[in-house]
Amino acid sequence: MTFYPFQPARLTQYDALSRASGGRNEAARVHHVSRRRGAIVWPIIAGAQQTDRIRTVGILLGSTDNLEMRRLLGAFMESFKALGWTENRNVRFDVRWSGVNAEDNAVQAQDLVRQQPDVIFAAPSNVVIALQKQTRTIPIVFANVSDPIAQRVVDNLAPRFA
């Protein structure tokens, strides 16, 4: 089984399925992780790379600003704190809401990319695709993309570890 930095501590049905199939059902586990809305994926990777410079995390959500999304966003930001990142000391969050309108997605994506954040967190698919049309140089961490290969968000799901 391949080790991923975001591998859950306890086995899920998808991990067991992947192990039983010799890793051939890895897409089921990756899909399961993506459904967790990416709340802990980026902070785990980012935790090892702190410097004196304030890093900017652009966040573009294809939703209206509502209580449920605020709760999920709060959990995402709290996971940074657990890894030593403090807002306005070593990290800054630039949060934007684009709703469901494709035109709004494009405008918000263009504006966010113009700000040149260090990384962008985006959800769902239509927002990620709008961002990819604006940049190929800023890393985009995404969630709620049901089939990233079919939607051409990524070429493959193989990890790129050096």
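The residues packed around S98, meaning those with a beta-carbon under 11 Å from its beta-carbon, carry a net charge of -3 if Lys and Arg are +1 and Asp and Glu are -1. Applied to the range 112-126, the Karplus parametrisation 6.51 cos²θ - 1.76 cosθ + 1.60 on θ = phi - 60° returns per-residue 3J(HN,Hα) values of 5, 5, 4, 6, 6, x, 6, 7, 10, 9, 9, 7, x, 3, 4 Hz, with x for Gly and Pro. Only the Cβ atoms of Lys and Arg (+1) and of Asp and Glu (-1) were treated as charged; on that basis the dipole of the range 39-142 about its Cα centre amounts to roughly 240 debye.
Using C-alpha pairs under 8 Å with a sequence gap of at least 6, the mean separation divided by the residue count of the range 44-149 gives a relative contact order of 33 percent. Pair-distance distribution of the range 60-144: all C-alpha pairs, bin width 5 Å, starting at 0; shares per bin in whole percent are 3, 14, 26, 25, 19, 11, 2, 0.
Rule-based calculations on the coordinates, nothing more; no lab input. Source: prediction; values computed, not measured. Note that we place each Cβ from the backbone using ideal geometry, even for glycine, and neighbour counts take in every protein chain shown.
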